[in-house]
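Have a look at the structure below, then the notes.
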Amino acid sequence: MITYAELSPQSVNIQPIDAPWLLNSRLDVLRLDKLHAIVSGNKWYKLKYYLANAIQIGANTLATFGGAYSNHIVATAYACNMAGLKSIGFIRGGEADSLTHTLVAAQGYGMQLEYITRTAYKNKEEIRSQHPQYFWVNEGGYGTDGALGASEILSLVPDMEKYTHIIAAVGTGTMLAGLIRASRPHQQVIGISSMKGNHSLENEISNLLEITPSAPFMISHDYHFGGYGSTPPELIGYITECWHNYGLPLDIIYTSKAFYGIQDMMGKGVFPPESNLLFIHSGGLQGNLSLNPGRLPFS
Ligand SMILES: *Cc1c(COP(=O)(O)O)cnc(C)c1O
C-alpha cells in the first residue's frame, strides 16, 4: 500500500455557481483542483493504475512524454516519487532556453529530464523501443488504465444521481472516457476540446470504452480559443471575470475554455430548462505560471 503525502481529497468539494446566465438551470463545480497545489486534478487519477501496474511487475523506472508546461509531466514526477519509482520525462522541443516552472517542479520530485527535438518527438515509438526496460506511459496518460482511474473521479460526488449533464475539458479524452464509464444512463457527458479541430477524438474516446456507453457522449470543438496553447486577451479576460464573479480559479489551457463553453452553450439553448449540470474542474492551475506575472488576479 502506497501512501500519498500532501494529497488532500478531503478538500475536494462541490462549488455551486450562482449566475444569471444559468436561467433556471443549475451548475455545480467539482473542485478537483483542490487535490494538490501542483499535482491538481485529473492527472493523479489517470496515473493511479499505471503506477499500480508498474509496481506489480517490479519495474523500477517509469517513463513518459510531455511538453515543458505539461501537467502530466509534473503529476507523473510526483506520483512516481511517492510510489518509490524512478521517473524519466522525455520533453518535447530540445533543451529549453530556461527551465520552466513545470520542469523545475518535476525535477524537484526527482524526475530525470531528457530533451528531444520536435522531429524525434513525433517518432515516440522509436524512443520507446530504444528503452524497453522502462515502464512506459503514453503522453497525457492516454489509455484504458488512465480511463479506469479517471472513472473514480465521480465517486467524489455526493448525490451523483441528480445531475443531468456532466461536462469536462478534453485533451486526449482519457478523463472523459472515465467519466462516461462512471456516468448513469440518464446523464449526458459533454467534453469540450481545448485543441483546434482534433476530430480523431471521438474515435480515440470510443476506443477507450470497453462497453458501449448507455447514453451518447458529445464533444464540442468550438471553444479552443485559437488552439491548444493559445491565450488570447478574451480568454484571460474571461478567467479574470470568473474569478471576480464566482471565486473560481480556472486554468488557461483546459478549464477556462470548457467553462466558457458551458456559458455559451447555455445561451444557445443547448441545455433543456431546469438542467442540473456538473462541471469537473480538472485542475491544471500550475500551467498558469507560464503567463507573465500579474496577468491574472490569482495564482
Ligand atoms: C490533462 C488535462 C485535461 C485533459 O485530460 P484528458 O484526459 O487528456 O482529456 C483536462 N483538464 C486539465 C486541467 C488537464 O490538466
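What follows is calculated from the coordinates using simple rules that are stated; it is not laboratory data. All values reported here derive from a predicted model rather than from experimental measurement. Neighbour counts are summed over all protein chains in view; Cβ atoms, including those assigned to glycine, are modelled from backbone coordinates with ideal geometry.
Just one of the listed residues (Ile57, Ile38) is over 14 Å from the mean Cα position of the chain (by Cα) and surrounded by fewer than 23 Cβ atoms within 10 Å (Cβ to Cβ), namely Ile57. Inspect all residues belonging to the range 277-294 and state whether any of them is under 14 Å from Ile192 (Cβ atoms), assigned to a helix (DSSP H, G or I) and touching a residue at least 24 places away in the same chain (Cβ under 8 Å). Taking every residue of the range 277-294 in turn, none turns out to be under 14 Å from Ile192 (Cβ atoms), assigned to a helix (DSSP H, G or I) and touching a residue at least 24 places away in the same chain (Cβ under 8 Å). Filtered by the rule that a residue be within 13 Å of the ligand (Cβ to nearest atom) and either on the phi > 0 side of the Ramachandran plot or touching a residue at least 60 places away in the same chain (Cβ under 8 Å) (or both), the range 192-216 gives Ile192, Ser194, Glu204, Leu208.
Quick grid of which residues meet (1) surrounded by fewer than 17 Cβ atoms within 10 Å (Cβ to Cβ); (2) in a helix (DSSP H, G or I):
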position: Ile211; (1), (2): yes, no
position: Pro216; (1), (2): yes, no
position: His224; (1), (2): no, no
position: Cys242; (1), (2): no, yes
position: Lys257; (1), (2): no, yes
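The number of residues in the range 205-252 being of a type outside the set (S, T, N, Q) and over 20 Å from Ile166 (Cβ atoms) comes to 20. Total residues in the range 177-191 satisfying the condition of being in a helix (DSSP H, G or I), within 13 Å of the ligand (Cβ to nearest atom) and among the hydrophobic types (A, V, I, L, M, F, W, C): the figure is 3. The residue pairs whose first member lies in the range 226-253 and is without any contact (Cβ under 8 Å) to a residue 24 or more places away in the chain, whose second member is in a loop (DSSP other than H, G, I, E, B) and loosely packed, with under 13 Cβ neighbours inside 10 Å, and whose beta carbons are closer than 8 Å, counting only pairs six or more residues apart or on different chains, are Pro232/Gly226.
Of the residues making up the range 147-158, one or more are in a loop (DSSP other than H, G, I, E, B) and more than 10 Å from the ligand (Cβ to nearest atom). Restricting attention to the range 264-299, the residues that are under 16 Å from Ser220 (Cβ atoms), more than 20 Å from the chain's Cα centre (by Cα) and either within 14 Å of the ligand (Cβ to nearest atom) or not acidic (Asp, Glu) (or both) add up to 8. Restricted to the range 67-78, and to residues there that are in contact with a Ser or Thr (Cβ under 8 Å, 6 or more places away or on another chain) and among the small types (Gly, Ala, Ser), the residue that is nearest to the ligand (Cβ to nearest atom) is Ser70. Can you name the residue in the range 227-240 that is surrounded by fewer than 14 Cβ atoms within 10 Å (Cβ to Cβ) and over 19 Å from the mean Cα position of the chain (by Cα) and is also nearest to Tyr69 (Cα to Cα) among such residues? Applying the filter and picking the extreme gives Pro232.
Restricting attention to the range 37-56, the residues that are in contact with a Phe, Trp or Tyr (Cβ under 7 Å, 6 or more places away or on another chain) and away from the ligand (no atom under 12 Å from the Cβ) add up to 1. The listed residues are Thr174, Thr144, Thr102, and the only one of them that is surrounded by fewer than 17 Cβ atoms within 10 Å (Cβ to Cβ), closer than 25 Å to Gly89 by Cα, among the hydroxyl-bearing types (Ser, Thr, Tyr) and within 13 Å of the ligand (Cβ to nearest atom) turns out to be Thr144.
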